[in-house]
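Derivation of every value follows stated rules applied to the coordinates shown; laboratory data play no part. Since the model is a prediction, treat every value here as computed from it, not as a measurement. So basically every Cβ, Gly included, is an ideal-geometry build from the backbone, and we count neighbours across all protein chains shown.
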Amino acid sequence: MFPFGSLLERGFAHGIHPPEVKERTAALPTQRMPFMDRYVLPLNQSLGAPPRPVVAVGERVHRGQLIAEPAAFFSTSLHSPITGWVRAIGNRRSPSGDFEQAIEIEADPFATQRLDPAPRPDWHRLSLDELSAEVQRAGIVGLGGAALPAHVKYSLREGVKVKYLIANGAECEPFLTNDHRVMVEQPDAVLKGIEILHTLLGVEETIIGIELNKPDAVAILRERIGRDRPIRVVPLRVKYPQGDSKMLIKSLLGIEVPKGVRSVELGIVMNNVGTLAAIADWFDHGMPYIDRRVTVSGPGVTYPANLVVPLGTPVREVLRFCGGLKADTKEVIMGGPMMGTPIASLDAPIVKISAGVLAFTAKEAARPAEYPCIRCGRCVEACPYFLNPSKLARLAKARLYDEMKGADLMECVECGSCTYSCPSGIPIVQLIRSAKSSLWHRKAKG
Ligand code: SF4
Ligand code: SF4
């Protein structure tokens, strides 16, 4: 018997059930990281064009001040997380290990670091285009993982009517608990973000989808919503990747989003709960997106925590704040264990999509020995997108990238369910990622 009466019976097909491993941080209140001496802010922190710097080396900047402006519609703003001085604009190591253009800021040790925001316009009076411009001005990206500039979703084509707003509180990645904490600690901000979008998009109904392993979040949101608002909180079975947008739409509405179709064309807009709280922070407090909620966990971390971390803080400092790494730590991952990526250097900064910093010891980080495919079909059964991962892996190994496109390579969301299921230890999703990256580089070269 489930604690919330009727549990939604619908769901999505396939998927997997990895261990959740959220118990170490799920109930820990979020702490604020102290300010550091130096911050490195890569310009490229979202999909689309990187923003253009609007500050010069030597210039004094304030916490929350715009330091890079959007270079196009598909681009977003970047603000300083700290009061201090711009010390450099140049190549710095990003979390992926590549060197990328970044703004380096030295903190003023005597500044209060208090945000001094400019008042924002009354959101009730905004048109949709004005809402989109405000969210772009705030530098908010989709915090569920894809890092799409958030404002892009609110710029609707003529004639598109939004019926459903979905607030994504599934947080299906193992270990991560920062969405959980935002729902428990800032329920009113999540609901304010919903109210703004619900009203301005002209939505008929809002549904908050939350996996059943967050009963306190379900309870507190239901209590705050009360009886009269057109918002439903729907507990969902725990299953990976429940938080994928197409899977969540299938689970909540029973609608299959066809290949190549964007959900907004079906009248559905989805936002992560953290994104919704960030929108409320902008309109209520003039707070741009400068602090990231991060879950620090994994067997290699001494004191796991949920933290609010200013963007640009080095991962090394975040780990130090959590008591440092255990001696046998082998690997540190940014993001969740299924979709995150190993960090090449602990000097890499926290960026807008850094939902997690996870440390693993040699035991968990060990890659299984790889054997030939035994055609068991488990990867096919696991793939929520009904792809043939074993075929994609075979083609990737043979570098037949064009043939992979014919096998729906670009439909793959890189959820890693196939790799997790493979008894032969074939790194299927890693092969898929490197094939996509090769195709991307080939296209970029022309
Ligand atoms: S092929 Fe892609 S979408 Fe399918 S399970 Fe593997 S990573 Fe996920
Ligand atoms: S799960 Fe692994 S062994 Fe089984 S069919 Fe897929 S690739 Fe082959």
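Over the chain, what relative contact order in percent results from Cα pairs under 8 Å that are six or more residues apart? Mind dumping the intermediate values first?
Working: 969 pairs, mean separation 81.0, N = 446.
Computed over the chain, the figure is 18 percent.
Residues 392, 148, arranged from fewest to most other Cβ atoms within 10 angstrom of their Cβ, appear as 148, 392.
Quick one: among 135, 40, 152, which has the greatest mean-square fluctuation in a GNM of the chain with alpha-carbon springs under 10 angstrom? Greatest mean-square fluctuation among the candidates belongs to 152. Antiparallel versus total DSSP beta bridges in the chain: what percent is that, nearest 5? Counting only bridges with both partners in the chain, antiparallel ones make up about 65 percent.
What's the long-distance tail for segment 192-292, i.e. % of Cα pairs beyond 15 Å? Spell out each step's value before the answer.
Numbers: 3396 of 5050 pairs.
When all Cα pairs of segment 192-292 are counted, 67 percent exceed 15 Å.
Under the classification rounded if a/c is under 1.5, otherwise prolate if a/b is larger than b/c and oblate if not, where does the chain fall, given a ≥ b ≥ c as square roots of the Cα gyration tensor eigenvalues? The shape class here is rounded. Cα gyration tensor of segment 124-285, axes a ≥ b ≥ c as square roots of the eigenvalues: rounded (a/c below 1.5), prolate (a/b > b/c) or oblate? Note, shape of segment 124-285 comes out rounded.
Which whole-number percentage describes the relative contact order of segment 124-285, with Cα contacts under 8 Å and a sequence gap of 6 or more?
Details: 264 pairs, mean separation 52.9, N = 162.
Computed value for segment 124-285: 33 percent relative contact order.
Taking every DSSP bridge with both residues inside segment 124-285, close to 5 percent are antiparallel. The value of relative contact order for segment 310-446, using C-alpha pairs under 8 Å at least six residues apart, is 21 percent. Taking springs between alpha-carbon atoms closer than 10 angstrom, which of 397, 192, 352 fluctuates most in the Gaussian network model of the chain? Of 397, 192, 352, the most mobile in the Gaussian network model is 397. Ordered by the count of other Cβ atoms within 10 Å of each Cβ, fewest first, 85, 123 give 85, 123. Just checking the listed ones, 228, 347, 188: in the Gaussian network model of the chain with Cα springs under 10 Å, the one fluctuating most is 228.
A simple spin-label model places the labels of residue 158 and residue 403 4.6 nm from each other, with each point 7 Å out along Cα-to-Cβ.
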